[in-house]
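The values are calculated or read from the model by the stated rules, or taken from the named source; none is laboratory data. Everything quoted here is computed from the prediction, not taken from an experiment. Here Cβ is always computed from backbone atoms with ideal geometry, including for glycine, and neighbour counts include all displayed protein chains.
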Amino acid sequence: MKILNKKIDIRFYSVALILCYPLLKFNIISILTGVCAITSISYFIIYKEYMDKKYLKYFLSSSSFVLIMLVTLLYTDDLKQGFIKIQQSSSILIFPLIIFFFQRKITSKQFDKLLVIFNTACLLSTIYIYTEIYKNGVFSYLFEKEVSFWNNPFRDVLNNLSYLDLHPSYYSIWLLFCALFLINKLLTRNKSLSVVFSILSLVIFFIFTSFLFASRATIIGFFIAVLILLILKIKSKLNKAIAVSLIIVISLISITQISFLKVRFFDEVNAQKLRPPVGIAHTSSNIRVGIYKCASELFQKNPIVGVGIGDVQAELNNCYLQFHTRVYQEGNYNTHSTYLNLLLSGGIIGLLLFLLSIFLQLKLALKSENYLYLSFIILIIPFFLFENVLSRMHGAVFYGLFNALFIKQILSTKK
């Protein structure tokens, strides 16, 4: 193993394999995570390495809210459901543990390689998705003047893929993170015209694809992240003003003129009054009104420590019975918010630990002047608001893995 590791950094490439997860099924992602853990720990023991204590505070700050969720198992009634929820969020614990303590230092060059691998995986999976869109004859909808928010055909194709199990919002945030990485590359180094053209083409391709799936939270986060990235990276005041103005104009035109976005940002919100749904008259907006109402009632019962991670869904389902609709029973809706889920599961303590974790990550990104990491955090903050990110493997892997890699790379190159 030592001889092999001199030629190939097996630990590094075990992480690289996991970053191909946009192309992989859930069970394969789990297997590769196990392989990465075993490989990393094995080499750590073989080389008789020592754990660097400086990573302990970063591990605790990144994972403390998940540790609190483990504590809630002591008072949750449905232990089985509690363990299922912990398993879904386990990436938030596993990846920082492996990467901080059992992986070698990650240089800036290695980190770029990892991001290129992830970009390539997203590109290949997008090509596969476009073949499915073509097979289903959905491209004709691109030329429709009016698109109904009740039925987005592109989202339908993504939700019914034969090979992959993808959610439009989670897939969109991967593509938009790839776009941020590429934009950061354009702003970092002088490049030839052909390279600039190639990178811009990929950026436009990823953004265009994400627009088809019309995930509001990810698009909002992306435009904010791009604005901040441009403000921090561009030195010239004139160029900065031009770039910022351009992004604001593009964002306004996108959400008001592109039919797939317009129906999601405006038509869907205006279609129903902002109150819990009645009968079959529902949209994703008024469904959320009912969710937030029940979340508020549930929070008032156990504000400090929550109801326990295993009981949140059962309590919500019981609360949904007050509404005159079967929408909630048919959809089994969760909190649709990471912040709300932590608040109901672990109370104010769980939510505060999570917010503290986000604050420390923002502080580290600014202090190290790693603006790509900063844009990653800004991209995902609105996503946490509208999606229960840590309850899905794709969300937990995306956040847990990249957050750990960013921190490892910053501390590895820190003077």
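The set of residues in the range 216-233 that are within 13 Å of Leu182 (Cα to Cα) and among the β-branched types (Val, Ile, Thr) contains only Val226. Across the range 245-290, the qualifying residues are those that are touching a helix residue (DSSP H, G or I) at 6+ places or on another chain (Cβ under 6 Å) and closer than 30 Å to Arg189 by Cα, and the one among them that is modelled with the lowest pLDDT is Ser254. The set of residues in the range 340-357 being surrounded by fewer than 19 Cβ atoms within 10 Å (Cβ to Cβ) and under 19 Å from the mean Cα position of the chain (by Cα) consists of Leu355, Leu356. Filtering Gln361, Gln300 for residues that are farther than 21 Å from Glu387 by Cβ, among the polar types (S, T, N, Q) and in a helix (DSSP H, G or I) leaves a single hit, Gln300. Does any residue of the range 17-38 turn out to be more than 24 Å from Phe118 (Cβ to Cβ) and either basic (Lys, Arg) or surrounded by 12 or more Cβ atoms within 10 Å (Cβ to Cβ) (or both)? No, the range 17-38 contains no residue that is more than 24 Å from Phe118 (Cβ to Cβ) and either basic (Lys, Arg) or surrounded by 12 or more Cβ atoms within 10 Å (Cβ to Cβ) (or both).
Residues in the range 379-406 that are among the β-branched types (Val, Ile, Thr), out of contact with any Ser or Thr (no Cβ under 7 Å at 6 or more places or on another chain) and crowded, with 21+ Cβ neighbours inside 10 Å: 1 in all. Residue pairs whose Cβ atoms lie under 7 Å apart, sitting 6 or more positions apart in sequence or on different chains, and linking a residue in the range 273-291 that is under 15 Å from Leu385 (Cα atoms) and among the basic types (Lys, Arg) to a partner that is at pLDDT 70 or above and not in a strand (DSSP E or B), are Arg288/His336.
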